[in-house]
Amino acid sequence: MALATIPLEQLVDGRPATAEQARDWCARLESGDILFFPETPLRFTADDLAFLRGQQQTGSSLHKNIAYKPKMDKLSGVDAKGGDGATVERLHGIMRGYSRQVVDFLSGFLAPYERRWRLDYASFRPLEEQNRDLPRRRRNDLLHTDAFPTRPTHGARILRFFDNIHPERTRDWVVGDPFAQTVRRFAPGQIAPRPGNAATRMGKGLARAVGLGKAVPSLKRTAYDDFMMRFHNFLKENDQYQSETARYPWQFPAGSSWMVYTDTVPHAVLAGQYALEQTLLVEPEALVKPEVSPLRILETMAGTRLV
Ligand code: SIN
Ligand code: FE
C-alpha cells in the first residue's frame, strides 16, 4: 500500500505525459495505491471556499451529509424549507461545478478508462471528523472498505476523489493492509462469498421495503454486492481486526487532492474538517488490471461467478 505523489508540473494539460504513464497510474490505483496531488488540480474561487468553510451546522438548513446527485442534478441533506433558500441554491451551484470539474479532470487523467464509469454522488463534508458520535456501521474512524447499502455496484469498482478544502488543517487518514490479504486473514467461513439465489434476497427485500417492487434492477444486489456490504459491516464491527491489523497513517494537507479505490483499500478518517468528494463506479471492462479487482479475487476464492 503506497502513496504516489503527483506534482502538477508532471501533467501536460491536466493529463499524464504519455499513454504509458496513464496506464501505469490506473494500474497503481487498481492495485491499492493512493494517488496524491499535493496541490489540487481543480480550481476553486476564494469566494466559494469562504462560503463552504462558513457553513454553520447547527440551526442551519444544511444537514450532516450533503450529497449531490449529478444525474438528477439534485442536492440532498439540505432543507430548502428552512427559510435559507439562497444558501441552498449557492451550495447546489458549487457542488454542480465541483462534480463537473472532477469529471473533466478524470476524463483526461484516467484516459485509459475512456469514461467507462457510472457517475455516482459527490459530497460535501463540513463536520469535524474527530469524535463524531455515530452508530458503529456509520462510523468512518474505524477501518473499513466501502460498499453502499442502497447502491449495489454489480462488480463495478468504487473510485473516490477527495479534496481537503480546510484552510490550514490536514485531513488525517489511516489505511490498512490490502483487500486480498485482509479477506483471507479476517474473513471467517460465515462471511465467505455466497453464490446463488440467496444473493438477491436482500436486494429484493430492500426494494419491497421502499415500495418499489421488482421494477428496480439497480437495487438488486448480486452475490458480489452482498459480500462487499457484509465485509464493510464485518470490518467495522470486528474488534480483533481493528486492534490487530497494521495501520498506516497519511495526513493530507490543506489544498491537496487524492484518489483511491475505497472498495479495497481499508481506510478511516480520524480528524479533519471540510472536504469535497466525488465517487465514480468504474466498469469492470474498463479496468487495466482486472486480475487484482475484488470481483476476481472473490470469484477465485468462491470458485464460482458472483455477478
Ligand atoms: C470514508 O470514506 O470513510 C471517509 C473519508 C473521508 O471523509 O475523508
Ligand atoms: Fe469509507
### At R0 = 22 Å, FRET efficiency that the Cβ-Cβ distance of R138 and K69 yields, to 0.05
0.70
#### Entry: Gain upon complete extension [D47, R184; 0.36 nm per residue less C-alpha separation]
44.5 nm
### Rough spin-label spacing in nm, given labels placed 7 Å along Cα→Cβ, for A302 and D239
3.1 nm
### Message
Please return the longest range in the chain lying between exposed loop sites, taking GluC sites (Glu not before Pro), DSSP loop only, at most 11 other beta-carbon atoms within 10 Å, and leaving the sites out.
### Response
169-307
### Task
Count the lysine pairs in the chain whose Cα atoms lie under 20 Å apart, taking only pairs 8 or more positions apart in sequence or on different chains.
7
#### Entry: Separation in nanometres of the label points that stand 7 Å from Cα toward Cβ, at E20 and S76
4.6 nm
### Message
Taking 8 Å as the Cα distance limit and 6 or more residues as the minimum spacing, I'd like the relative contact order of the chain as a percentage.
### Response
30 percent
## Note on the structure
Here, trypsin sites (Lys or Arg not before Pro) of the range 1-48 satisfying both criteria (DSSP loop; at most 14 other Cβ within 10 Å) are R43
### Task
For the chain, state the semi-axes of the equivalent ellipsoid (square roots of 5 times the eigenvalues of the alpha-carbon gyration tensor), sorted largest first and rounded to whole angstrom.
29, 24, 20
### Summary
Cβ density ranking, 10 Å radius, fewest first, applied to L42, L91 yields L42, L91
### Message
Under the 0.36 nm per residue contour assumption, what length would be gained going from the current alpha-carbon distance of D104 and R169 to full extension?
### Response
20.7 nm
### Query
Kirkwood-based Rg over Rh for the range 262-304 (C-alpha set), two decimals?
1.11
### Message
Can you give the FRET efficiency to the nearest 0.05 for Q55 and R115, using r as the Cβ-Cβ distance and R₀ = 30 Å?
### Response
0.40
### Message
Report the gain in length on full extension from Q10 to E89: 0.36 nm times residue separation, minus Cα-Cα distance, nm rounded to one decimal.
### Response
24.8 nm
### Message
Under the rule a/c < 1.5 gives rounded, and otherwise a/b versus b/c splits prolate from oblate, where does the range 132-189 land using the Cα gyration tensor?
### Response
prolate
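All of the numbers you see were taken from the coordinates with simple rules; none came from a lab. Keep in mind that what you see is a predicted model, and the values were worked out from it rather than measured. Glycine also receives a Cβ, built like all others from the backbone with ideal geometry; neighbour counts cover every protein chain displayed.
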